[in-house]
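Read through the structure below, which is laid out as structure tokens, and then see the notes.
What follows is calculated from the coordinates using simple rules that are stated; it is not laboratory data. Please read all numbers here as calculations on a predicted model, not as lab measurements. As a convention, Cβ positions derive from the backbone with ideal geometry for all residues, glycine included, and neighbour counts pool all protein chains shown.
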Number of protein chains: 2
Amino acid sequence: MKLPPALERVVASLARLPGVGEKTATRFAFHILGQSDTWTSELAHAVGELHSAVQHCERCHNLSEGPLCVVCNDSTRDPRRVCVTEGIQDLIAIERAGEFDGRYHVLHGVLSPVKGIGPDQLRIDTLIKRLEPEGIEEVIVATNVDVEGEATALLLQRLLEKRGVTVTRIATGVPMGGELEYLDQVTLARALRDRRPI
Amino acid sequence: MKLPPALERVVASLARLPGVGEKTATRFAFHILGQSDTWTSELAHAVGELHSAVQHCERCHNLSEGPLCVVCNDSTRDPRRVCVTEGIQDLIAIERAGEFDGRYHVLHGVLSPVKGIGPDQLRIDTLIKRLEPEGIEEVIVATNVDVEGEATALLLQRLLEKRGVTVTRIATGVPMGGELEYLDQVTLARALRDRRPI
């Protein structure tokens, strides 16, 4: 039995969410169908206004409600240290860790030849423009520790070090609570190579 | 860092989907934020119009695009046999099996004292009204094989048999490809009790 077109459209839209296939999307669509009109219109409205209601910080491209985000507006943060992340969710994760007191710069992507994303598609130019006015001394590259994240880190190192900025990378190694027995060999090899005095 | 209110609203709405917690909803919301305006408005529009665009069959409460659904409109289906399901997705699953050539009746729920769902909240009255005009001889109860589904089946049996209709229940037993070793004991006990000559 074919689904009605209106339901098919919801399924097709929802199936584009990350990790959602047609089967899950169908389950979601039937669930929405069974809910009250109030909730359905709430969801439709919230999704519809999302793009226009959410702004990005002019300086670091974090989410914001005004021209600058909460981090950039916070005068207690150290402007000399900038942490570069791939996306806003990474920034949120680092904020949650509560270790970093500098500012951020969100690239909104990483280098990816497969997806056709080159340096020009990332917010690197705005980072370079920030160096002098903010007196940035250190850029900590906190992209993911995978091929694309490492390539992006190398690119940033090449672009920024010649401008007199120290470029560092977040440490790789055994995660807290990690059991060596089950750890992949690349991580273990890195952890040995990057060993430090106790 | 707190999320902007517009994003929070999307997260709160999506977190009500089945099996979606706040973490997944946040991932979905960020994904939507990163998509094109076209898709976002498509999703918003599809969800918004869902309730008004999808109709239910006047006779069997299946999804439909007109007053009657595709099954009820199909003159080759046997009107004397009616399969009762809990929801539309169950009906779709049975249609996919391709074994049943009668009509359906969707209860849109099952008896559930815990959720406060009694016989009056189910579409049982409309089923009883169908018996005579359609000449229904057999009602096959295909609710889920759990406590609520079994209770609903018993209720239907009580209500319908005194009206001269044969009430049957879908078989329970070992599923195809099922290995006895890993099967729960209730299913296995039922399969033994309901054994049949080869």
- Item | Rg(Cα)/(2.2 N^0.38 Å) for the stretch B:5-53, N = residue count | 1.17
- Go ahead and set up a Gaussian network model of chain B, Cα springs under 10 Å, then flag whichever of B:Leu107, B:Leu188, B:Leu127 fluctuates most. B:Leu188
- Message: Using amide H atoms built in the peptide plane, which far-off residues or other-chain residues are under 5 Å from A:Val84 H to H?
- Response: A:His105, A:Ile140, A:Val141, A:Ala142
- Taking the rotation that carries A onto B, look along its axis and tell me which residue of A has the beta carbon nearest to it, distance in whole angstrom. A:Ala44, 2
- Task: Taking the Cα centre of the stretch A:77-169 as origin, sum charge times position over the Cβ atoms of Lys and Arg (+1) and Asp and Glu (-1), and report the length of that vector in debye to the nearest 20.
- Result: 220 debye
- Message: Which residue fluctuates most in the GNM of chain A (Cα springs below 10 Å): A:Thr166, A:Thr187, A:Thr76?
- Response: A:Thr187
- Order of A:Thr85, B:Thr172, A:Thr143 under a 10 Å beta carbon neighbour criterion, fewest first: B:Thr172, A:Thr143, A:Thr85
- Task: Choose one answer from A:Lys162, A:Lys115, A:Lys23: the residue with the largest mean-square fluctuation in a GNM of chain A with alpha-carbon springs under 10 Å.
- Result: A:Lys23
- Note on the structure: Output row for B:Pro79: copy-to-copy label distances, label 7 Å along Cα→C-beta, ascending, in nanometres, one decimal, is 8.2
- Note on the structure: Cβ density ranking, 10 Å radius, fewest first, applied to B:Ile136, B:Ile92 yields B:Ile92, B:Ile136
- Query: Across peptide A:32-38, how many C-beta atoms of other chains are within 10 Å of each residue C-beta, on average?
  - Reply: 4
- Message: How many angstrom lie between the Cα centre of the stretch B:166-198 and the Cα centre of the stretch A:152-198?
- Response: 56 Å
- Message: Let me understand the protein assembly as shown better: what is its radius of gyration from the alpha carbons, and its Dmax, in angstrom?
- Response: 29.1, 91
- Between the alpha-carbon centers of the stretch B:8-43 and the stretch A:7-64, tell me the distance in whole angstrom. 4 Å
- Shielding by partners, peptide A:10-23 (average Cβ within 10 angstrom, other chains): 4
- Label-to-label distances across copies for B:Glu181, with labels 7 Å out along Cα→Cβ, in nm, shortest first? 2.5
- Where in chain A are the DSSP H helices whose C-alpha atoms run 15 Å or more along the long axis and whose mean Kyte hydropathy is at least 0.0? A:22-34, A:147-161
- Share (percent) of C-alpha pair distances in chain B greater than 26 Å works out to 51 percent
- Hey, which lysines would be in cross-link range of B:Lys162, C-alpha to C-alpha under 21 Å, not counting anything within fewer than 8 residues on its own chain? B:Lys129
